[in-house]
Amino acid sequence: MVATLSAPSLSTTSLPEAAVILAKRRKLGQPGPLLAETLRPQSLNDAFALQQQVALEMAEPIAGWKCLLPTPDKIVVAPMYQSTVGRVDHNTVDIQQCTLWPSTVPASKGLARVEPELAFVLAQDLPPRLEPYSDAEIDAAIGATHLALELIQSRFSHDSGAGFFDQLADGLFNQGLFLGPEMLPAPGFNGEQFLLQLTFADGRVQHLSAMHPNQQPRAGLYWLVNFLSANNIKLLAGQAVITGSYAGVLDLPFDEDIQFQYGDWGQFRLRFVTKTS
């Protein structure tokens, strides 16, 4: 069942005021306290409306979306902005760089917080329509599948007490995306799990059992397309969709070459670099 959200209860003055605050924090990489009570979202309708108002305030193209299958009381959906999406540069032999804001959470302060994902890049637009899109239609719209890392940071301080509606309005911890190399799924590929291997500059190797939270990584994409369609939002060719972390959040060092091996799906090497603007 795909929900069509109702009008928000937040006022037409509160939405832009709250969006200005959250967009500024996002641009500066500076988490802060809860919004004033009159600006805080109190429902899914409020939270999604505020999230979309932030997108207007950001005033830049949406380059992708993050999602996950919904639960009875939560939806996981958030846009990713063009300036925050990095890609593998195939024209250089140098180590790839990924810029992001360091963590401000005490347990991971100063580290790069990322989540290993697959990204589905659309080859055609999927505009809103009355009839739901079938899984086959959505499969046909996928132009490429990439290894990817979601970049993590909230615009709320770790001790702010932010709840789910606050975080949904803010973009659910997303600060960007790194699109790694394209993978070519073999016939019968289901993408449920793989062995993630991280190799660090000092030779240290870390292995993680990586499993998709929805088992089928396209499940969230199927939901997202029809959720956005029901809420009059168009998906565009070239946008990338990520559908859930295979291994939770990884806290990794900056300024160090790291190799990511996604089982037999592929690998890439990169260095995290502190974002400055």
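The values are calculated or read from the model by the stated rules, or taken from the named source; none is laboratory data. Predicted model, so just to flag it, every value in this text is computed and none were measured. Positions of Cβ are generated from backbone atoms using ideal geometry, with glycine treated the same way; all protein chains shown enter the neighbour counts.
Listed values, structure above:
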item	result
Residues located in the range 18-75, provided they are aliphatic (A, V, I, L, M), surrounded by fewer than 19 Cβ atoms within 10 Å (Cβ to Cβ) and in a loop (DSSP other than H, G, I, E, B)	LEU34, ALA36, ALA59
Residue tally, condition touching a residue at least 60 places away in the same chain (Cβ under 8 Å), over 20 Å from PHE272 (Cβ atoms), hydrophobic (A, V, I, L, M, F, W, C) and touching a strand residue (DSSP E or B) at 6+ places or on another chain (Cβ under 9 Å), over the range 143-166	3
Answer from ALA230, ALA219 - the residue that is under 17 Å from the mean Cα position of the chain (by Cα) and either aliphatic (A, V, I, L, M) or modelled with pLDDT of 95 or more (or both)	ALA219
Whichever residue in the range 1-49 is in contact with a Leu (Cβ under 6 Å, 6 or more places away or on another chain) and touching a residue at least 60 places away in the same chain (Cβ under 8 Å) and, among such residues, is nearest to TYR81 (Cα to Cα)	PHE48
Complete set of residues in the range 170-201 that are at pLDDT below 95 and either out of contact with any strand residue (DSSP E or B) (no Cβ under 7 Å at 6 or more places or on another chain) or among the charged types (D, E, K, R) (or both)	LEU184, ALA186, PRO187, GLY188, PHE189, ASN190
Conditions (1) closer than 25 Å to GLN259 by Cβ; (2) surrounded by fewer than 13 Cβ atoms within 10 Å (Cβ to Cβ); (3) touching a strand residue (DSSP E or B) at 6+ places or on another chain (Cβ under 7 Å); (4) not charged (D, E, K, R): number failed by LEU208	(2)
Within the range 234-257, tally of residues that are surrounded by fewer than 21 Cβ atoms within 10 Å (Cβ to Cβ) and either at pLDDT below 95 or among the aliphatic types (A, V, I, L, M) (or both)	5
Filter result (part of a strand (DSSP E or B), buried (at least 22 other Cβ atoms within 10 Å of the Cβ) and of a type in the set (S, T, N, Q)) within the range 123-177	ASN174
